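Structure record follows, encoded as structure tokens.
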Amino acid sequence: MRRKAIIGGVISLLFLYLAFRRVDFDRLWIVLQSVRWPYLIPNIVMVVGVMWLRAWRWQGILKPVGKARYQRVYSSTMIGFMVNNVLPARLGEIARAVSLAKTTGLSRSAVLATIIVERIYDSFTLLLFLWMVFLFSRISQLTEVGRIREVGWVFLAINVALLGILVVMQVRNELVVRAVRRLSRFFSARVQQVATEITEKFARGLTMHHDWPTTAGVSILSIIIWLCLALSNYFVFLAFGFNHLPIEASFVVLVVVSLMISIPSTAGFVGVYHWATQISLQIYGLDKTQAVAVAVVLHAAQYIPITLLGFYWLRREHLRLSTVGGGKAPPETPDSGPGG
């Protein structure tokens, strides 16, 4: 993890340099002082409200794994996103699985599989938005946008490949289990048993796609979630008085930022987030200083409330950051509780 943290830190510093290079800092301060703060209230409300929708969606994906009360799912969601903000290497995904397993007794491996399924829904929804922008936006002819399109194709290929692997794991689970047994035959019988159990539980977390009503509901929720996030960006534009920016700019910022933060970076995606926002808004005529000012406020409006709420739920669930995030969780055993 230390190596990943170092690599992420270097990448974040590089993108911070690219984002703030040639920025007029005196003017940046003036632009930041011009923010009309009441416009940030709907932005923050929508960002926090989306977490409620995320938890609702995740509860549906969790059905094959076992029952989990909504409050437990919501608290684990908040804890996971908070961990992504304060710890490197996207440990928030692991934190979500660990925290939900600790509070419900569900299998960590199966819960982690549902998080991967959730991420696939997010990825395809973002790609849908990306292609919609290219089809209907006036910026589709710009040469700078061509690079974003290329990233989108790579992103699509990765998601299709991952989806294929997960389908094989679920549909041909016996074949995968036999392969795991062969690979683990050099270890003790206990290790073989645990490895087999984890593989089976992980596959169980992938079964949601056979339940078509749930799949449709999760798909609709995914679209609503990302629509809300895109629209929330527009209130930050209004806070700066950039009323001339079209609504499509909100979607472009959302897609480009979401694609960019998939690369390794430090906690909270610092640097990468700011550079992605800046290049997106420069397409619409903002100068670099204005675009960076929006990036700073947009990032802070998401980072601060989610982090504070995540720590609140961490404390309320009597969990510790070292356990769900940076520390080593105890090994999962075959008798890991209900749903496991």
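Of all residues in the range 260-278, those that are on the phi > 0 side of the Ramachandran plot have Cβ atoms under 8 Å from Cβ atoms of residues that are part of a loop (DSSP other than H, G, I, E, B), 6 or more apart or on another chain, in PHE269/ILE261; GLY271/SER265. In the range 291-304 there is at least one residue matching the filter, namely being crowded, with 17+ Cβ neighbours inside 10 Å, in contact (Cβ under 8 Å) with a residue 12 or more places away in the chain, under 17 Å from the mean Cα position of the chain (by Cα) and more than 26 Å from ILE116 (Cα to Cα). It is to be established whether one or more residues within the range 267-285 are outside any helix (DSSP H, G or I) and either at pLDDT 95 or above or under 21 Å from the mean Cα position of the chain (by Cα) (or both). Looking through the range 267-285, at least one residue is outside any helix (DSSP H, G or I) and either at pLDDT 95 or above or under 21 Å from the mean Cα position of the chain (by Cα) (or both). Taking the residues in the range 242-259 that are closer than 19 Å to ASP122 by Cα and free of Cβ contacts under 8 Å to residues at least 60 places away in the same chain as candidates, determine which candidate is farthest from the chain's Cα centre (by Cα). Per the stated criteria, the residue is SER250.
I'd like to verify a number: residues in the range 90-133 that are part of a helix (DSSP H, G or I), more than 24 Å from ALA230 (Cβ to Cβ) and not β-branched (Val, Ile, Thr), how many?
Within the range 90-133, the first condition is being part of a helix (DSSP H, G or I), and the residues that meet it are 92-104, 108-133.
Those left that are additionally more than 24 Å from ALA230 (Cβ to Cβ): 94-95, 97-104, 108-114.
Retained after the next criterion (residues that are not β-branched (Val, Ile, Thr)): 95, 97, 99-102, 108-110, 112-113.
Of the residues in the range 90-133, 11 are part of a helix (DSSP H, G or I), more than 24 Å from ALA230 (Cβ to Cβ) and not β-branched (Val, Ile, Thr).
Which condition breaks for ALA300 when tested against (1) closer than 30 Å to LEU16 by Cα; (2) modelled with pLDDT of 90 or more; (3) in contact with a Ser or Thr (Cβ under 9 Å, 6 or more places away or on another chain)? Status for ALA300: all satisfied but (3).
The values are calculated or read from the model by the stated rules, or taken from the named source; none is laboratory data. All of these numbers come straight from a predicted model, not from anything done at the bench. Note that we place each Cβ from the backbone using ideal geometry, even for glycine, and neighbour counts take in every protein chain shown.
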